[in-house]
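**Q** Pasting a structure below so you can have a look.
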There are 2 protein chains.
Amino acid sequence: MQALGKHLLVELHGCDPEALKSIDLIRETMVSAAKVANATIVGVSFHEFSPFGVSGVVVIAESHLSIHTWPEYRYAAVDIFTCGDLLRPEVAADYIALKLKCKNMSVVEVRRGLIGKNVRGFSHKAGSSEEKAADAYKELSLAY
Amino acid sequence: MQALGKHLLVELHGCDPEALKSIDLIRETMVSAAKVANATIVGVSFHEFSPFGVSGVVVIAESHLSIHTWPEYRYAAVDIFTCGDLLRPEVAADYIALKLKCKNMSVVEVRRGLIGKNVRGFSHKAGSSEEKAADAYKELSLAY
């Protein structure tokens, strides 16, 4: 089976609570993480909560990076969802952990969108060829 | 162990490809899904890709909902990440599947941010009490 997307569920325990409280630091970290992963940023949305905690998402041409922080528990939940072979999501995960001074990181990789090997594939979004994509679409439309 | 977040990984196969191609329909569906889940929307970011495919995120006070569509495979990857007891993420998942005319949905629930039962908890973000949160933060800061 081939997977259309690669999704890292990143659990960051034992982080610096001051870092987790700072929307500026969190935004900057996530945007930089997208860049070190070789992603193309298409949208950014970050929000700070009362009394503390930050939620934010970087939408990339190859899917998204998200973060939710609980400074009171020194915990952050990070998701890095990518597609295509050109990205380095693991590097982004390490980068975020470093910036948040995380002492205990765990990562689960989930393969999303499993499809049969015989289904004609192409690199979606990142580095996709429009013609190949359109062809695959027509072909699959006929198959259903 | 208690979990700070509840994360549904929703795999939607066999969707209507025309629905998956429409950024307006996808945005409207995700925003409405957040509402039917009882979430408070704080940010929305959606993007359309060439030749087709939509990525988008609804940032909510209780975390986020995201979607990435592959019309050529009739597939969409949806994530519904929530915290607090007041939300109904499963209802949101069903709603999205219905709107995309999904024929084959599977859902994996991941409990995010597991912490010891004895750690003093409070409802984060959604319906949180600032005083309780500040107290818990002080208490935990002392414990580290």
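The values are calculated or read from the model by the stated rules, or taken from the named source; none is laboratory data. The structure presented is a predicted model; accordingly, all values stated were derived computationally and were not measured. Cβ placement follows ideal geometry from the backbone for every residue including glycine, while neighbour counts extend to all protein chains displayed. These accessible areas exclude ligands, DNA and RNA; they are computed on the full protein's heavy atoms, side chains included. Shrake-Rupley method; radii C 1.70, N 1.55, O 1.52, S 1.80 Å.
Each row is one residue, and each column tells you yes or no for (1) surrounded by fewer than 24 Cβ atoms within 10 Å (Cβ to Cβ); (2) out of contact with any Cys (no Cβ under 7 Å at 6 or more places or on another chain).
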site: B:HIS47; (1), (2): yes, yes
site: B:SER50; (1), (2): yes, yes
site: B:TRP70; (1), (2): no, yes
site: B:ALA76; (1), (2): no, no
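**Q** Still on this structure, I have one more. Step by step: first the residues of the range B:33-45, then only those that are farther than 19 Å from A:PHE81 by Cβ and among the β-branched types (Val, Ile, Thr), then the one that is most open to solvent (accessible area, probe 1.4 Å). Which residue is that?
**A** Looking at residues that are farther than 19 Å from A:PHE81 by Cβ and among the β-branched types (Val, Ile, Thr), I get B:THR40.
**Q** For A:ILE26, indicate whether it is surrounded by 17 or more Cβ atoms within 10 Å (Cβ to Cβ) and of a type in the set (Val, Ile, Thr).
**A** Spelling it out, A:ILE26 is indeed surrounded by 17 or more Cβ atoms within 10 Å (Cβ to Cβ) and of a type in the set (Val, Ile, Thr).
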